[in-house]
Amino acid sequence: MPSSIECQPHLRIRAIGTSALRKTTQTKLTACITPAISVMVEAVFLVETPLKMLPVSFVRSLSWRQLWRWGLLALAVGLSIILVGRWAERHALQIKTDALQQVAQANALGLRGIAEKHGYLPYAAARHPDVQALLQHPSDRMLRDKVNHYFSDLKDRTASAALFVMSTSGMTLAASNWNSADSFVGQSYQQRPYFKQALQGQRSFFYGVGLTTGTPGFFIAEPVLSQGQVIGVITVKVSLSPLANSWANSTDPVVLQDSRRIVFLSSEPEWLYHSSDLLSASDLAWLQLNGQYGVRSRYAILPWRAVRTPDSPTYEFDATVKHAPRSFLALETSLPELGWTLTVTSDLKSVERARQEALALTTLLAAVLLLAGLYWRLHEQRFVEQLQAKRELEQRVKARTHDLEEAHAFRKAMEDALLVGMRARDPEGRIIYVNRAFCDMVGYSAEELLGCKAPYPYWHPDDLDKYMRQREASLQAESLPHGFESRVRHHDGHDVITQVYTAPLIDGQGQQQGWMSSVVDITAQKMAENRQHEQDRQLQRSARLASVGEMASTLAHELNQPLMALSNFAVAARAIAAQAHQELLVSALDDIVEQSQRASEIVKRVRGFINPQRGSYEDCDVHAVIAHSLALLKPELQRNQSAVTTQLTENLPHIRGNRVLLEQVLINLLQNAMQATQDLPPARHVIDIATTLLERAILIQIGDAGPGVPEASQEQVFTPFFSTKPDGLGLGLNICRTIIEAHGGHLKVANRAEGGAVFSFTLALSV
């Protein structure tokens, strides 16, 4: 599986190139030929009927000079047809050549990518200390086992076929397949060319059949150096089978040859180990000595009949593929760094088809032009008569049109003088008329509006559903004499408030042809009403704030002294209990002291909210604040059967803030979460608390599984006196936001995808 995955990018490049070849050729030829054929066929049908009436005497009436001219014309047409066929053939060949170059580049890039991708493995492994130690101490079994396991793991991770290291004598000391039946360990590969070249201090590439496994592969060898001396050779073997399998699915053959022009990879299996040229005796001896392709002793000539053209990057050849004779156009690409030659091909059948289609098209075009000329001469007189009749008709139409234009100009002058916008629509809702006042109102010209169907361009994007309902209502049989208010979007982006009145549009025969609407701009009136409403709301808010301030001040003054006295009594009781060693009483009294001090502090903060002043800030542990808030709400959580889940980031830095105020914010948000889920089944009484460390702040999130907060109210919930609870005052979330903003943070709310709402706020880190 890893090997197929690693080769996929190269296979995909090749597939794209072959597909591009076929698609480019077919598309360009079709685009050139198909429209022309369609036009010619139509022309033949146009001239077919009148030519049936062409008298035979017309041909007999031609003089010898005219016949001579027609003969020369026929000869010129014949030569033109032949030249067009030659041009179409050359054009199709050029298209195929361009496509072949793209395919060759893609395949060459894939082959180089395989070499580059696996080329780093021997280089990196050669510098591994265990590998170098093994080469210096080849008898150390512990080192050999470590290197064997290292090679096995590296082979699995890189999707290579094998990885092994040899001493300077060519003996394999360790290999990735050390534990298999065909292990390389103990085998000598000193006769292999890649070993000899690497032993000289150079990287070597070699493709051949394995001496041990008999499986072909691509070998990359790298010398192992120690203090500038070659102490061994490390080699990686890569399988090219996935590439060969992908080529096998190609409709056109692809061939890869070595430096001796022997095919070692091909989409056609019967071409494997064939050579383009007859091999010399020295080449055969070298192949036999090094066993590059196993024990093979002869290499047949490729069954191609190639025809090469000087100065052409391509050549043509005939071959039998899948028991069928075919002609191909071939392009060779050299890969000098690997010593290979890549050959890609394309079927020439489409080139011959393009030439035949061009000949047929040119012949048809010439025939149609000839018929069109005869048709024109036959009907020349008829065209003159029709032209005269057309001129007389135009004179009569011009006289009638003059009267209509005068009536239309008078009506348009009246319509443009109106200050009320007018719009007419047909029964399908398509705009068929607008006047100047309506165009000025929406900012669109009449040309932009006429013919438009809903949604119209001036509809406000936030009110599309409302517009559709109003449109359906206005297109019913009943008119709306009282009209309705509508907000539209001007072309320049500002909003316009209108009042729309719609009535049936009746023609002269009493039939309804659509609907006529009168549109009045009431933007200025609505703005004045909104300003008055806002002033009234501000006065009411100020009055409520004054009442709340007076109430809070009185509450702080009246409750502060009793709470302080309670604190003093609790401190005295704790001292007495401590002397008697009554630990339980001491703990209870400690809680009383803490709660009384907390109540006193809250009262002070209420007074501070009415009369703001700088509070007392200190370094706080966010998780401690959360834990203390949950402890305070524990009885209430139990009564509500609410479960709290936490996802707290560990080792958070401290923040700078007022612990009491932050606990008050958490308690308020937790109580809101409990109230949001109180009407749900107990299984959904779940509250989630999460903390996350940001760049310079801590994010705290409190979520519930309740009904969520409507999007239209997500910002309103933080405004004073806005509450969704029947008995709510509407100050809790506003006070929470004020406290968070005083700490340099921001409080917001959003709905969760799985249901419910989540309140989140940030607190700045302590510097």
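The values are calculated or read from the model by the stated rules, or taken from the named source; none is laboratory data. Values in this document were obtained by computation on a predicted structure and should not be read as measured data. No Cβ is skipped: glycine too gets one built from the backbone with ideal geometry, and neighbour counts run over all protein chains shown.
Overview of results
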read-out	value
Residues of the stretch 731-746 that turn out to be of a type outside the set (Gly, Ala, Ser), closer than 15 Å to Tyr617 by Cα and in a helix (DSSP H, G or I), as a count	3
Residue in the stretch 668-683 that is outside any strand (DSSP E or B), among the acidic types (Asp, Glu) and over 22 Å from Thr738 (Cα atoms) present	yes
Hits in the stretch 152-179 - residues which are closer than 20 Å to Phe218 by Cα and among the hydroxyl-bearing types (Ser, Thr, Tyr)	Ser152, Thr158, Ser160, Thr172, Ser176
Candidate set: the stretch 257-271, residues that are polar (S, T, N, Q) and either assigned to a strand (DSSP E or B) or modelled with pLDDT of 90 or more (or both); chosen: the one farthest from the chain's Cα centre (by Cα)	Gln257
Condition met for Arg141 (among the basic types (Lys, Arg), exposed (fewer than 14 other Cβ atoms within 10 Å of the Cβ) and farther than 25 Å from Gly113 by Cβ)	yes
Criterion violated by Gly232 - all others in (1) more than 42 Å from the chain's Cα centre (by Cα); (2) buried (at least 18 other Cβ atoms within 10 Å of the Cβ); (3) farther than 30 Å from Asn148 by Cα satisfied	(3)
Residue that is nearest to Gln101 (Cα to Cα), among those in the stretch 305-314 that are in a loop (DSSP other than H, G, I, E, B) and not β-branched (Val, Ile, Thr)	Pro313
Residues (loosely packed, with under 15 Cβ neighbours inside 10 Å and of a type outside the set (S, T, N, Q)) located in the stretch 655-692	Asp679, Pro681, Pro682, Ala683
Residue among Ala92, Ala115, Ala99 that is under 38 Å from the mean Cα position of the chain (by Cα), modelled with pLDDT under 80 and under 30 Å from Val254 (Cα atoms)	Ala92
Per-region count, the stretch 734-763, residues among the acidic types (Asp, Glu) and either buried (at least 20 other Cβ atoms within 10 Å of the Cβ) or touching a residue at least 60 places away in the same chain (Cβ under 8 Å) (or both)	0
Of all residues in the stretch 684-725 being part of a helix (DSSP H, G or I) and aliphatic (A, V, I, L, M), the one that is nearest to the chain's Cα centre (by Cα)	Ala712
Residue within the stretch 640-660 that is over 44 Å from the mean Cα position of the chain (by Cα), farther than 17 Å from Ile740 by Cα and in the same structural domain as Val758 (by TED's automatic domain parsing) present	yes
Subset of the stretch 281-304 (residues that are of a type in the set (S, T, N, Q) and either in a helix (DSSP H, G or I) or more than 54 Å from the chain's Cα centre (by Cα) (or both))	Ser282, Gln288, Asn290, Ser297
Which numbered condition Phe383 fails, given (1) of a type in the set (Phe, Trp, Tyr); (2) at pLDDT below 85; (3) under 45 Å from the mean Cα position of the chain (by Cα)	(3)
Flag for Asp153 being under 47 Å from the mean Cα position of the chain (by Cα), within 21 Å of Ser239 (Cα to Cα) and of a type in the set (Asp, Glu)	yes
Any chance Asp495 is assigned by TED's automatic domain parsing to the domain that holds Ile431, among the charged types (D, E, K, R) and either modelled with pLDDT of 65 or more or surrounded by fewer than 16 Cβ atoms within 10 Å (Cβ to Cβ) (or both)	yes
Residue, farthest from the chain's Cα centre (by Cα), within the stretch 334-349, restricted to residues that are buried (at least 16 other Cβ atoms within 10 Å of the Cβ) and over 15 Å from Ile262 (Cα atoms)	Leu348
Selected residue (only one of Tyr315, Tyr299, Tyr375 is of a type outside the set (A, V, I, L, M) and not assigned by TED's automatic domain parsing to the domain that holds Tyr207)	Tyr375
Candidates Leu450, Leu545, Leu505, Leu539 - the one that is surrounded by 12 or more Cβ atoms within 10 Å (Cβ to Cβ), on the phi < 0 side of the Ramachandran plot and modelled with pLDDT under 80	Leu545
Gly113 in contact with a His (Cβ under 6 Å, 6 or more places away or on another chain), touching a residue at least 12 places away in the same chain (Cβ under 8 Å) and part of a helix (DSSP H, G or I)	yes
Residue list for the stretch 306-319, filter: modelled with pLDDT of 85 or more and either of a type in the set (Gly, Ala, Ser) or closer than 17 Å to Glu270 by Cα (or both)	Phe317, Asp318, Ala319
Candidates Arg425, Arg391 - the one that is modelled with pLDDT of 80 or more and within 48 Å of the chain's Cα centre (by Cα)	Arg425
Of the criteria (1) polar (S, T, N, Q); (2) in contact with a helix residue (DSSP H, G or I) (Cβ under 7 Å, 6 or more places away or on another chain); (3) assigned to a helix (DSSP H, G or I), which one Ser346 fails	(3)
